[in-house]
4 protein chains.
Amino acid sequence: MLWFASDYMEGAHPSILEKLLETNLCHTAGYGGDEYSQAAREKIRAACQCPDAEIHFLAGGTQANAVVIAAMLAPYQGVIAPETGHINVHEAGAIEAGGHKVLSLPQQNGKLRAEDIGQCAGAYAGDANRDHIVMPGMVYISQPTEYGTIYSLEELEDISRTCRRYGLKLFLDGARLAYALACRENTASLADIARLCDVFYIGGTKCGALFGEAVVFPKPGTVPHFFSIVKQMGALLAKGRIAGIQFDVLFTDGLYRKIGKAAVEQADRIRAALREKGYQLYCEGPTNQVFFEIGNDKLRRLSDSVQMSFMEALPGNRSVMRFATSWATDEKDVDRLIALL
Amino acid sequence: MLWFASDYMEGAHPSILEKLLETNLCHTAGYGGDEYSQAAREKIRAACQCPDAEIHFLAGGTQANAVVIAAMLAPYQGVIAPETGHINVHEAGAIEAGGHKVLSLPQQNGKLRAEDIGQCAGAYAGDANRDHIVMPGMVYISQPTEYGTIYSLEELEDISRTCRRYGLKLFLDGARLAYALACRENTASLADIARLCDVFYIGGTKCGALFGEAVVFPKPGTVPHFFSIVKQMGALLAKGRIAGIQFDVLFTDGLYRKIGKAAVEQADRIRAALREKGYQLYCEGPTNQVFFEIGNDKLRRLSDSVQMSFMEALPGNRSVMRFATSWATDEKDVDRLIALL
Amino acid sequence: MLWFASDYMEGAHPSILEKLLETNLCHTAGYGGDEYSQAAREKIRAACQCPDAEIHFLAGGTQANAVVIAAMLAPYQGVIAPETGHINVHEAGAIEAGGHKVLSLPQQNGKLRAEDIGQCAGAYAGDANRDHIVMPGMVYISQPTEYGTIYSLEELEDISRTCRRYGLKLFLDGARLAYALACRENTASLADIARLCDVFYIGGTKCGALFGEAVVFPKPGTVPHFFSIVKQMGALLAKGRIAGIQFDVLFTDGLYRKIGKAAVEQADRIRAALREKGYQLYCEGPTNQVFFEIGNDKLRRLSDSVQMSFMEALPGNRSVMRFATSWATDEKDVDRLIALL
Amino acid sequence: MLWFASDYMEGAHPSILEKLLETNLCHTAGYGGDEYSQAAREKIRAACQCPDAEIHFLAGGTQANAVVIAAMLAPYQGVIAPETGHINVHEAGAIEAGGHKVLSLPQQNGKLRAEDIGQCAGAYAGDANRDHIVMPGMVYISQPTEYGTIYSLEELEDISRTCRRYGLKLFLDGARLAYALACRENTASLADIARLCDVFYIGGTKCGALFGEAVVFPKPGTVPHFFSIVKQMGALLAKGRIAGIQFDVLFTDGLYRKIGKAAVEQADRIRAALREKGYQLYCEGPTNQVFFEIGNDKLRRLSDSVQMSFMEALPGNRSVMRFATSWATDEKDVDRLIALL
């Protein structure tokens, strides 16, 4: 069986396990006050060119989204997200459970457009009955998106400008950020993201860690008592060092970028093979996720030897499927996959 | 510096790291559907003599408390807890953030009494205005308690009987359960706990794991769609196997019990030394936490070489302090500590 | 100035004030335990042909929606509503503040279609990842809708059947129910509604009362401890009799129907006049709200003498506007309005 | 039967009903934008000597408490209240349902002491683990208290000073404020309260209105978008004028004070009679509630002819009972009651 169903089917990048072993008996303070977490924060600050950034390590993506959004919105505010955004579709209502409406806007290849954001915020501002409706308070985007596409620097600049004009916070979900940063098409660096967003996170779980997301507030103190909010929402790790150590390793010697690059290269090979063999790619993006159309008969045969993700049924007995690569993807498995296609 | 401040200052028991290394490249399904998590569940079911138990792995204690309590209470219900209970004091209001009042009752050595629970539930039932007050819906206890004491089997039987009489769910927080199970004084086995409680958790974070708590519902289906509630509250691990592997190891070859035993033995040595040297023990319990009184002058000197936890100021320039031991406590460090006392 | 902006611009139907005066000095128990509330409940039960119905009087529509939905949904469930539903648009996020997602579906003339509901519920049931998404738990419809249209008995039967097939609760918002019940086109009686819904409310605020909505659970005990939930959500009236007296009057001698009928007759006159004068009606419905298109120049002139509601801007410098009639609408004011059109 | 069970057993002061009748057919805007509400606000501002105060009319006391507290606290904050405070005991957990812990402190005759508040806030500030505990963010007091006692101006000054020192908001629940303002012992005027509190409300429901509480923010804009929060919590009245008209009447020609005075005079007569007849008064206060001890045998006999409220069982077959007077209390009924005692 070949495993291409997702990017979180294995343990962690070996360097992370090594470091966990090496530091295992050292004694440290709990709750992220340890020296490994501090070191990780410093390295992330450097990578973001953001020396004052406030950084918290949480355990997963839905948790990061739920905590950040609940912490940053006033009770009467909602969060703008693309219809296909993770918070709108796949978090079992975590944002609403925190009391806030997800204001979904149409997407294009998984992306929001600055223009649509401006229109939504402008409509609120211009509505005589606006006190009876949910105020847009934040914009949520993912880089890369659910469809593996990426925002260009220009698009992010536009969105950020629109957010600032309308007083909207900008939050970037970087659960798979390594794969955006590593692809050739990418024009938005970590430093750009830190400059343009009010808060974002650097994904670990889907980018080579056992678990963990680094939530970055470029401007410290953005949310007073964020630590207590994290605790209250059950998201504070007692052994905070376990997350800190992982991000310390990920941001040492460019490992985060290397992980991203390796996965994208294998995804590129798969994309090339699919094109060559006449498959129709779907919502084409340059990162580690490959979406393609396939007839259901062919799909059944392929499923005998390959694990992949079902996305959507198409008319005419066809389906949209996804392959995902990761740091753990073996070049030879990709050879085998290509042979099977 | 000697480290006795808490039981979560190091990484994980070496067997856990070994297994993480060994399984690192295996591919598995996410979200706890993997074979390691299944194996861990089977071993826990066996240890609890509860073949149908439904088991979920969460990341930490506050999270487990917040998720379980929110999932099991109706909106109009609150949870009875001892004044000193973790949920009442040290979770930054997580239970209230989930919408429920903590109905705090007096404690004795950190423990609730069945009699007080019955009185509280009876007062509600007998109150003509009860529809205007919070209905007790659950009892929360910890084994061991915040003070390191333990409930005897008889006490648990009494509490369980009272809960069933009044229709209260019984929830046992076992963040440090290994240390209760391992001490000589203990009379309540895992099987007893499973028989007497509606839900409980077996602590990993403070008992040798990197992180993780195993929430056990002895009766499956106790909370419909608990998985979705876990997801919604941001508590679902994408790489669920990381928690599963750890509990698999903890429940293989009696490791969980060994970890508890080793820590309790060292705590016993410290308790014996304190008594011998004329210290006053405080809220004396048989587990891995040692509470004692000390004059503040002496305390300052001791603090130069020992990390410990401050609990409470006493009159007469004295303090209550805590030493905690764990799987990682070195016998020689205990020798050094005893020499310093 | 002519007032056609809404149906809640005056006090209450004179019979209500009379009864308030008449009963003013009588002593009663609080919180709805009084004899007027009991009498009102009996009359509503009779009108619904539902002798066991459980009935609670709340103060307003958003409150009724927020309380009922929060009380009936499990944490992991959301409520299906038409895109234009009041809960989705005009309640400042009250449903999400209560922790639940509004699952909006397309509408046709303000109405949901049974088919779309079935598709939504079926898609959830068939989704392999359904535990990560919000479960549809309830369907919310309004009778009449936000556009003044009404569901036929057949449509309600279809929706109810679909709900029961998929285990969805059916909730009907009857804020303006008097106007649906009173119009000639109506085929769904109160008894039908009681038979087909799990819960609904009979609107008072917009149908002649000072305030108040009668929430009806055809099956008593549908929500255990609903009274306490009402109290907890700040929706319990201390002088519950004030609501009870109003509904007692509204359901005496067919007043509720008379109020609806008078308003619909005046609305019909306005509709006839608009048609005759060549206006384009919009989302044509048979109740007390009249939606029509008008050029903006003409609109400005009309606005000098008539209060109405702006609904929507149209291309070509046109707008959709609304007239609303009520028990208090004076026939002569309608004459004047018609003359002005 | 004589009715002394509470102060909300009748309709409204006749002047209120008169005005409702008189204005019944006037057309106004909804949601509190009407001229009656504006007039009421102006009169209240004048009475508070607070020309900029922001005033919102809500329907009841629990609702006012729930909305104000939810609106003013950050997620990580709780509200200090006396153990016997209405929010801690009789609101079915409304504050916790809004996400906040009630931090209960001991009371003396129903009152908090500035000293205890300071100690609680100081303990939080001085706790090394304070990020894990609930931050006191507000102080809730009632004037008069649940026991009918009142804070002196000096006590309010002390509490206000303590609150400002520790950054706590001060919130005064004035559900029965008329009776505090009207009694001879009172030294704290409405203007004092407006000067010393961050927010308070002037009770209508228990002071002669059909329903309604006037929430006063002496400093406008204290809570941004409070209107939307009110709407979101289901507390916005469509016909806001109904509340506005009532407060307009209550604050015209000193009616609010007259209502309070009449009730207190009758309560004073009852107190004098009880003392004279050798009853033991309980938690003696000068307002419209009279608490006294009585043997259970005698109580049974009295209950045949008098409605009163049971407060508490005492040892020795005795009970604490309450009489309450109001604007509607008939002097002759008090004569009869006294004769019966």
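Values in this text are rule-based calculations from the coordinates and carry no lab data. Just so you know, these numbers come straight off a predicted model, no measurement behind them. Neighbour counts are summed over all protein chains in view; Cβ atoms, including those assigned to glycine, are modelled from backbone coordinates with ideal geometry.
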Percentage, to the nearest whole number, of Cα pairs in region D:61-149 over 22 Å apart: 24 percent
Furthest towards positive pole of dipole, B:Pro286, B:Ile229, B:Gln266, structure part region B:224-301, Cβ charges: B:Ile229
Distance-filtered residues of region A:52-83 - backbone nitrogen under 18 Å, label point 7 angstrom along A:Ala123 Cα→Cβ: A:77-83
Test item: A:23-33 mean partner chain Cβ contacts at 10 Å: 5
Label 7 Å beyond Cα on the Cβ vector: B:Glu42 copy-to-copy distances, nm: 4.8, 6.6, 8.1
Simple label model, 7 Å out from Cα along Cβ direction - C:Glu35 to D:Thr222, nm: 4.3 nm
Nm distances between copies for C:Arg336, ranked from closest, using label points 7 Å along Cα→Cβ: 5.1, 8.5, 9.4
Descending principal axes extents, region B:132-236, alpha-carbon based, whole Å: 39, 38, 26
At R0 = 45 Å, FRET efficiency that the Cβ-Cβ distance of C:Ser152 and B:Arg130 yields, to 0.05: 0.50
Kirkwood hydrodynamic radius of region B:171-229, Cα pairs, Å: 12.3 Å
Cys with no candidate disulfide partner in chain B (beta-carbon separation under 4.7 Å rule): B:Cys26, B:Cys120, B:Cys163, B:Cys183, B:Cys197, B:Cys207, B:Cys283
Axis-proximal residue, chain C, for the rotation superposing C on B (Cβ, Å): C:Gly99, 4
Calculated from backbone phi, Karplus (6.51, -1.76, 1.60) coupling profile of region B:207-218 in Hz, x at Gly/Pro: 10, x, 8, 5, 5, x, 9, 9, 7, 10, 9, x
Average beta-carbon neighbours from other chains, 10 Å sphere, peptide A:11-19: 3
Helix-only CD estimate at 222 nm, as mean residue ellipticity for the protein assembly as shown, using -39500 (n - 2.57) per DSSP H run (n ≥ 4): -12000 deg cm²/dmol
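What are the membrane-span-like helices in chain A by this rule: whole DSSP H runs, Cα extent along the axis at least 24 Å, mean Kyte-Doolittle hydropathy at least 1.6?
Passing helices, by number: none.
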Net charge dipole size for chain B [Lys, Arg +1 and Asp, Glu -1 on Cβ; Debye, nearest 20]: 40 debye
Values of log10 I(q)/I(0), in the order q = 0.05, 0.06, 0.09 Å⁻¹, for the protein assembly as shown under a Debye, Cα-only, solvent-free model: -0.40, -0.58, -1.27
Listed residues B:Pro82, B:Val249, B:Thr205: farthest to the positive end of the dipole of region B:15-250 (Cβ charges): B:Val249
FRET efficiency for B:Ala191 and B:Leu314, using Cβ-Cβ distance with R0 set to 41 Å, rounded to 0.05: 0.55
Per-residue Cβ neighbour rank within 10 angstrom, fewest leading, C:His100, C:His86: C:His86, C:His100
Local net charge near A:Leu25, Cβ-Cβ under 10 Å (Lys/Arg +1, Asp/Glu -1): -3
Shielding by other protein chains, A:200-210, mean Cβ within 10 Å: 2
Beta bridges by DSSP in chain D, antiparallel share as percent, to the nearest 5: 55 percent
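With +1 assigned to the C-beta of every Lys and Arg and -1 to the C-beta of every Asp and Glu, and no other charges, what is the dipole magnitude of the protein assembly as shown about the Cα centre in debye, to the nearest 20?
Dipole magnitude for the protein assembly as shown comes out near 0 debye.
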Per-copy distances of the D:Gly278 label point, shortest first, in nm (7 angstrom along Cα→Cβ): 6.1, 9.5, 11.0
Residues A:Glu331, B:Glu146, sorted so that the one with the fewest Cβ neighbours within 10 Å comes first: A:Glu331, B:Glu146
Computed FRET value (nearest 0.05) for C:Glu18 with D:Arg257, which takes r as the C-beta separation and R₀ as 22 Å: 0.15
Exposure proxy order (Cβ contacts within 10 Å, fewest to most) of B:Arg301, B:Arg164, A:Arg176: B:Arg301, B:Arg164, A:Arg176
Chain C: projected area of the alpha-carbon convex hull, averaged over directions, in nm²: 17.8 nm²
